[in-house]
Amino acid sequence: MKSILVISKREVTRLRSRFRGKSRIVVLAVVVLSVVISYMVSQQGFVLSKDFYAVGVSPDSGVTADERFNVITLDPVDGRMMLDEESIDIYLGGDRTEYRSDQRSQYAAGALRQYLEKRELIRIANEYDIDKAFPLRIEVNHLKAPEGDVGTGALVSLWDVMEYAETSTAPATMPEATVTSNTVVMQQLDKFRGDSRLPEFKAEFASDKEIIIPSLMSPPIPLAQVIIAFCYVVPIFFVSIFFTSSFMEEKINRKLNILLSTPVTPFQIIMGKMLPYIVYSVIITIVITLLLKGNVLLALAIFIPITLFILSIYLTVALLYRTFKDQTFFSLLAVSVITVYLIYPSMFSGVSDLSSISPLNLAVQMYKGETFGLAEYFLATTPMYLVFSLSMLVGVRVFNEEYLMGFRPLYSKLGEAIYLAIDKNHLHLSVFFLSILVIPVVFMVQLASIVIAFNLPMPFALLALLVIAVIVEEVAKSAGIAVLLQKGVIKSLKDVLILSFIAALGFFLGEKLLLYIAMSVISESMFTAAIFGTGLLVFPLIAHFVFTSIVCLMTARFGVKLYPVAILTGSVVHALYNLYVIGVIP
Amino acid sequence: MSRFFIMIKRELKSLTKEKTIVLAIIIQLFLASFSSVIVVGLMSFCDPASIGQNTRIAVDVGIVGDTHSRLTGFLGERNLRVTVFADAATAEKAFYYGHVDTVLLVPKSNTGVVNMKLILPELDSKATVILMVLQEPLKMYETYLREMNGIEVNYTNLQGKPPTTYEFLYSLIVPILMLFPALLAGSIVIDTVSEEIENKTLDTLRSAPVSFNEILAAKIFAAVVVVFVQCFTWTMLLRLNSVYIQNLGLVLLFCVMIGTFISFGAAIIALCFKDRERSQFVYSIALIITTGLSYLLNPSPFNLIARLATGDHYTGIHHLTVYLIPLMLLGVIFFIWSEKLISAKSIN
């Protein structure tokens, strides 16, 4: 522990020395400037589609005050002519509008419709009685399906109350429901009048007993998620530049040799370098949570795994890159992977159950004031811890001068990392745990492939997804064994078969464990079903074993050079099996 | 001049050799897909009209109470399946057995304010979709009730297409895709410059018969070539997804201009700080500042790309010339000061 602290102190000193004297002033000035400008811009209001549509208006139809419109006042004759020339997209003359049938003009009409609808609503609200202007109010009631066969009678009693209210009130007085909903209309109208085009962020669309007015109802947009993600995750991203650079500097200055010759372990070095950044992230988390008035302990429980996860991804970047440009691109790749894994699913919070795999979703729920169970917590955070342990394990194993300073192709660097990670005295155990630890990585790649496959039309998207998922799984299971074969650690076919079985077993157990947790949280998602395969127990294990041994035996027989071919063969068999299970192949 | 091209070739080679460019493209493909997922999946939620039209979600609506109101007709027009229930008990049963997704309790009296009750399932995601699909017919009914009250609502027949996705695509996704290569170019310039400084290869290079400005110009030029290639590839990819970029030449020219501007700035930062770590940090913050400031311009770079790409009649080459001034200014400053900056000590 003491050595870790010593190294942490050294890291902080290193960082301090970077920003001393004049450079500290420059950097501080730049940071302050960025804050000031961000504030100024946010005060400006945010309109992206400025002057997007060219709208011609007749002199009498009133000014169209919407940032999206480039308004040109024209008389009807000119308006029609310019509409035909396509120099305006739509013409508004009095109560009438004219537009063309092409895309642009159609969209302009849609945009004008949004604007005019709003203008009309405000006019009506100003000119008429609220009872007449907003004559329809709807109370939302969420009903839970009962456990047994019989209904709870909740709907019936709702109806009875409603009917009673209607019949019992004398026609002269206003029904109680109308009185309460009148105040709601006033509130919503105030918001409606005041707002810019951005809908307010509401985590839930309509809560129980909420009264909605159809024309004043604004849909939920996942802004809250994005804002939470930005507040918490972006400050952690910034740290990455310093964290990864720290290793680069040691490499360039050859200080690593000196460090490694002292009696500190690689674990202590890595932990020591990471610690200041973990502390920084924890402080950031606490500060932001206090600012947003959240629950600090809960926020820490959610964001510490996220911090560890992000830092462990950056540790991999730091261990793998060879040049400066590598560092930039790997970091960018890391940012995209993290974004996709954390932010993308949480965007669907409250819309799709896929969101439960992102821990950010827990934060969203926390701020919504909802509770979540332990199963949900573990489903979201276990992969984070697993990725962290995997990268720490590999990091500690590969932390030697030869590996870190060597310049060779990426795949060979990865292979070497796997080789170094495997404990040659406990081959079986190593292969087993490697298989389990690699599952979150497989899952992340598969999730990313969902995002990419989304570009394709539907049947192709599913097919591509299936193929990628299968290849990734086969590589994950067999990579360790292939490396061992390449290094000549295992030779006999019997060993290959045994290890194949162990790798398959490890992967199988880990997968099913994750599936088990997921099942208790996620109820319906076609994609997760496609990825996890189907539920049966013994048969999939045998299947996994068969695919892995195909790959490994082929690699043993034809050499590591043909490893891609072996992977392809195993994957084809695997894909056929999956198609059979899903029922595409009879 | 041929020396200059040799230098450019050297830079481009180092980019392709390390397969880093492949990574760059994967990253951007990621970014694009990520954004398109958001467009399709989420923006449709912001647009009740488009969720009704673009997606074929079958919602079964049960109605109790006044079943002869115009509402039933409006629901039918929107292709919702309507089931009429004689009493609340049967409706409740049907709801629990899953025969209907939602139930509307419609009061029988039709005078004054209509206070309905809507029964939604507990599950958040499903409830959201149902509510979105119901909004349009409910609005139609609201308009109808207003007319009954003697209020005339104008422009109800104006249809058009829901513009949210279109606006989002052209004003956010396309500019992000087009400007991302420029940001990357700045990073690349910082890397190549600070790498030469930190590894002390710059001194060797300077002993060769090329001027220092030629070396820097070659680095910047190579980065800008990469910007152009990437942007062009993007437009082709977008075309495959039937997103068409109008004024293609101008859009590409503008991206190259922005790429050059950012590269000059990045090179100045790298020459000042002389190490990658601080340069990249200052560069990323400087980018935030520039992006913020550029938003105050009219048209801002985002907006200009959006308007060019949609083929706005009033946007053209004259808007680009405005951007040419700061670009040339920065370029001149850069080439005059480069020698001074490199010989000066790094900022400490």
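Determine which member of the set A:Pro76, A:Pro135 is on the phi < 0 side of the Ramachandran plot and assigned by TED's automatic domain parsing to the domain that holds A:Arg193. Before the answer, list the steps.
Working: A:Pro76 fails: assigned by TED's automatic domain parsing to the domain that holds A:Arg193.
Every option except A:Pro135 fails the conditions.
Check B:Glu195 against each of (1) under 30 Å from A:Leu112 (Cβ atoms); (2) touching a residue at least 12 places away in the same chain (Cβ under 8 Å) and name the one condition it does not meet.
(1) is the only condition that B:Glu195 fails.
Any idea which residue in segment B:150-163 is nearest to the other protein chains (Cβ to nearest Cβ), counting only those that are buried (at least 16 other Cβ atoms within 10 Å of the Cβ) and of a type outside the set (Val, Ile, Thr)?
The residue in question is B:Gly160.
Looking only at segment A:246-288, which residues are within 18 Å of A:Arg16 (Cβ to Cβ), aromatic (Phe, Trp, Tyr) and out of contact with any Leu (no Cβ under 8 Å at 6 or more places or on another chain)?
A:Tyr280
Looking at the structure I just gave you, is A:Met40 in a helix (DSSP H, G or I), surrounded by 14 or more Cβ atoms within 10 Å (Cβ to Cβ) and within 11 Å of chain B (Cβ to nearest Cβ)? So that I can check it myself, show each step before the final result.
Numbers: in a helix (DSSP H, G or I): yes; surrounded by 14 or more Cβ atoms within 10 Å (Cβ to Cβ): no; within 11 Å of chain B (Cβ to nearest Cβ): yes.
For A:Met40, the condition - in a helix (DSSP H, G or I), surrounded by 14 or more Cβ atoms within 10 Å (Cβ to Cβ) and within 11 Å of chain B (Cβ to nearest Cβ) - is not met.
If I ask for residues that are away from chain B (no Cβ under 13 Å) and part of a helix (DSSP H, G or I), which ones from segment A:70-83 would you list? Write out each step before concluding.
Step one: of segment A:70-83, the residues away from chain B (no Cβ under 13 Å) are A:73-81.
The answer is A:Pro76, A:Val77, A:Asp78, A:Gly79, A:Arg80, A:Met81.
State all residues of segment A:84-97 that are hydroxyl-bearing (Ser, Thr, Tyr), within 11 Å of another protein chain (Cβ to nearest Cβ) and either assigned to a helix (DSSP H, G or I) or surrounded by 15 or more Cβ atoms within 10 Å (Cβ to Cβ) (or both); if no residue qualifies, say none.
From segment A:84-97, those hydroxyl-bearing (Ser, Thr, Tyr) are A:87, A:91, A:97; that's our starting set.
Subset that is within 11 Å of another protein chain (Cβ to nearest Cβ): A:87, A:97.
Within segment A:84-97, A:Thr97 is the sole residue that qualifies.
Say we look at segment A:130-179 and pick out the residues that are of a type in the set (S, T, N, Q) and modelled with pLDDT of 75 or more; which of these is nearest to B:Thr90 (Cα to Cα)? Steps first, please.
Of all residues in segment A:130-179, those of a type in the set (S, T, N, Q) come to A:141, A:152, A:157, A:167-169, A:173, A:178.
After this cut, where a residue has to be modelled with pLDDT of 75 or more as well, the list is A:141, A:157.
Details: A:Asn141: 18, A:Ser157: 13 Å.
By that ranking, first place goes to A:Ser157.
Would segment B:239-251 turn up any residue that is within 12 Å of chain A (Cβ to nearest Cβ) and either within 28 Å of B:Leu202 (Cβ to Cβ) or not in a loop (DSSP other than H, G, I, E, B) (or both)? Steps first, answer last, please.
Initially, segment B:239-251 is screened for residues within 12 Å of chain A (Cβ to nearest Cβ), giving B:240-244, B:246.
With either within 28 Å of B:Leu202 (Cβ to Cβ) or not in a loop (DSSP other than H, G, I, E, B) (or both) added as a condition, the list becomes B:240.
Scanning segment B:239-251 turns up at least one residue that is within 12 Å of chain A (Cβ to nearest Cβ) and either within 28 Å of B:Leu202 (Cβ to Cβ) or not in a loop (DSSP other than H, G, I, E, B) (or both).
Does B:Glu339 count as modelled with pLDDT under 90, more than 8 Å from chain A (Cβ to nearest Cβ) and touching a helix residue (DSSP H, G or I) at 6+ places or on another chain (Cβ under 8 Å)?
On the way: modelled with pLDDT under 90: yes; more than 8 Å from chain A (Cβ to nearest Cβ): yes; touching a helix residue (DSSP H, G or I) at 6+ places or on another chain (Cβ under 8 Å): yes.
Here the answer is yes, as B:Glu339 does meet what is asked.
Considering segment A:98-115 alone, what residues qualify as being in contact (Cβ under 8 Å) with a residue 24 or more places away in the chain, more than 21 Å from B:Ile245 (Cα to Cα) and crowded, with 23+ Cβ neighbours inside 10 Å?
Answer for segment A:98-115, where residues must be in contact (Cβ under 8 Å) with a residue 24 or more places away in the chain, more than 21 Å from B:Ile245 (Cα to Cα) and crowded, with 23+ Cβ neighbours inside 10 Å: just A:Leu112.
How many residues does segment A:118-148 contain that are more than 7 Å from every other protein chain (Cβ to nearest Cβ) and either touching a strand residue (DSSP E or B) at 6+ places or on another chain (Cβ under 7 Å) or in a helix (DSSP H, G or I) (or both)? Explain how you work it out, then say what you get.
Filtering segment A:118-148 for residues more than 7 Å from every other protein chain (Cβ to nearest Cβ) gives A:118-119, A:121-123, A:125-127, A:129-130, A:134, A:147-148.
Filter once more, keeping what is either touching a strand residue (DSSP E or B) at 6+ places or on another chain (Cβ under 7 Å) or in a helix (DSSP H, G or I) (or both): A:118-119, A:121-123, A:125-127, A:130.
The qualifying residues number 9.
Might you check whether a residue that is in contact (Cβ under 8 Å) with a residue 40 or more places away in the chain and among the β-branched types (Val, Ile, Thr) occurs anywhere in segment B:199-209?
no
Which condition from (1) within 14 Å of chain B (Cβ to nearest Cβ); (2) in contact (Cβ under 8 Å) with a residue 12 or more places away in the chain is the one that A:Ala299 breaks?
For A:Ala299, the exception is condition (1).
Those residues that are within 21 Å of A:Ala380 (Cα to Cα) and touching a residue at least 40 places away in the same chain (Cβ under 8 Å), I need them from segment A:474-515; list them, please. I'd like the intermediate steps shown before the answer.
Of all residues in segment A:474-515, those within 21 Å of A:Ala380 (Cα to Cα) come to A:506-515.
A:Gly506, A:Phe507, A:Leu509, A:Gly510, A:Glu511, A:Leu514, listed by residue number.
The values are calculated or read from the model by the stated rules, or taken from the named source; none is laboratory data. Since we're looking at a predicted model, the values are computed, not measured. So basically every Cβ, Gly included, is an ideal-geometry build from the backbone, and we count neighbours across all protein chains shown.
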